[in-house]
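A quick write-up on the structure given underneath.
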Amino acid sequence: MKDLIHYLQSKNHAPSTQKAYLINIELFLKWTDKEIGQTTKKDVLKYLEHLRTERSQCNITRRNSLIALNHYFAFLLKTEQISTDPTALIKIRGAKKRMLYRTYTPEELEQLCDNFHHRFVRNFDDNHIPKNQRQNSFLSRNRNAVMLGFLIHQGVTPRETERMLLQDIDLAKATVKIRGGKRGVGRTLNLKATQIGQLMHYLNEIRPQFFTCCKQTERLFFSLPASGQKTTESENLMYTFKPLKKQVKTIDRNFMNFQQIRASVITAWLKTEGLRKAQYFAGHRNINATEEYRPNQIEGLTEDITKFNPF
């Protein structure tokens, strides 16, 4: 089991996830009366049926057991203890349903980005903000505009935005490096032409002003001090997305959350770039995660049929 644990650790699974996988694997080993090398696809299917009928497990729970077995037999295959993977091509239908969003077109996303900059940066009226808070408001709105640009143009997640460092931006090549994490794979994406000028302004004029109240590091974005405090005690950027979400909602009533934006971007990639490129751009470890966004394509097609149907 030690080698199996090391294998799971090499896949960057959290300790809690590793523990859950090991429990599910041990349950399967106790159930089966065959040597591991003799386990067939039929045996795995029988076990999944046993979980459904004898243990009354729902599809989502059985799917978690199957994922654990996927990892187990992949480990055995890698260490040459078996020659074929009995879990290959086995899927549990109805185990996971991705929410279908009202997706934005690329043009609508571009307009959303422009509208945000117009309202909260270029023409923002700060007369209603106390004078001692106007500077921080100015910095946060400019920072939010740049972060929103990455969410819209590169389809990154808020967590990936939080991990961005100064050296990840290459203005000469017009690229940004997205750092991988537990859920996403690192990749390098092109910057949009409309982002270049805004990024230059942020890097040269806005970002240095954060250091009056923030510790100077290589982070690209910083959180500001809470009201009444002079310095930032936490580097956690995630709470800044809540006010950003509220700001975007004032611009577009159809906006729900940032996952909706990411779903829109990935759906557009699937249409224009194909499945494999969309997987890379999205940072998905497994292509199945990218395929789950295909229902949004179907929804968009349905809308087009409804719009252009002469009847």
query = Just a yes or no: is a residue in the stretch 245-263 farther than 26 Å from Glu107 by Cα and surrounded by 13 or more Cβ atoms within 10 Å (Cβ to Cβ)?
reply = no
inquiry  = Which count do you get for residues in the stretch 109-168 that are closer than 15 Å to Leu244 by Cα, more than 27 Å from the chain's Cα centre (by Cα) and outside any helix (DSSP H, G or I)?
reply    = 1
remark   = When Pro106 is run through (1) under 30 Å from Asn64 (Cβ atoms); (2) open to solvent by 20 Å² or more (accessible area, probe 1.4 Å), the failure sits at (1)
key: Test: residue in the stretch 181-195 that is in contact with a strand residue (DSSP E or B) (Cβ under 7 Å, 6 or more places away or on another chain), under 30 Å from Thr290 (Cβ atoms) and among the basic types (Lys, Arg)   = yes
query = Does Thr240 satisfy the condition of being assigned to a helix (DSSP H, G or I), more than 22 Å from Glu110 (Cβ to Cβ) and either in contact with a Gly (Cβ under 9 Å, 6 or more places away or on another chain) or open to solvent by less than 60 Å² (accessible area, probe 1.4 Å) (or both)?
reply = yes
task = Would you point out the residue of the stretch 48-67, among those that are closer than 22 Å to Asn288 by Cβ and either assigned to a loop (DSSP other than H, G, I, E, B) or in contact with a Phe, Trp or Tyr (Cβ under 6 Å, 6 or more places away or on another chain) (or both), that is most open to solvent (accessible area, probe 1.4 Å)?
result = Cys58
ask   = Only one residue in Gln111, Gln38 is under 30 Å from Leu199 (Cα atoms), open to solvent by 30 Å² or more (accessible area, probe 1.4 Å) and either touching a strand residue (DSSP E or B) at 6+ places or on another chain (Cβ under 6 Å) or without any contact (Cβ under 8 Å) to a residue 12 or more places away in the chain (or both). Which one?
value = Gln111
query = Is there a residue being within 18 Å of the chain's Cα centre (by Cα) and part of a helix (DSSP H, G or I) anywhere in the stretch 96-106?
reply = no
query = Given Asn24, Asn64, Asn12, which one is touching a residue at least 24 places away in the same chain (Cβ under 8 Å) and at positive phi?
reply = Asn12
ask   = From the set of residues in the stretch 195-214 that are of a type in the set (Val, Ile, Thr) and more than 25 Å from the chain's Cα centre (by Cα), which is least open to solvent (accessible area, probe 1.4 Å)?
value = Ile206
inquiry  = Condition first: touching a residue at least 40 places away in the same chain (Cβ under 8 Å), open to solvent by 80 Å² or more (accessible area, probe 1.4 Å) and of a type in the set (S, T, N, Q). Can you find one or more residues in the stretch 140-159 that meet it?
reply    = no
ask   = Failed condition for Lys177, given (1) modelled with pLDDT of 95 or more; (2) charged (D, E, K, R); (3) open to solvent by less than 50 Å² (accessible area, probe 1.4 Å), with all others met?
value = (3)
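The values are calculated or read from the model by the stated rules, or taken from the named source; none is laboratory data. Treat the numbers as computed from the prediction; the structure is a model and nothing was measured. Note: ideal-geometry Cβ built from the backbone for every residue, glycine included; neighbour counts use all protein chains shown. Just the protein is used for accessible areas: all its heavy atoms, side chains included, with ligands, DNA and RNA removed. Shrake-Rupley method; radii C 1.70, N 1.55, O 1.52, S 1.80 Å.
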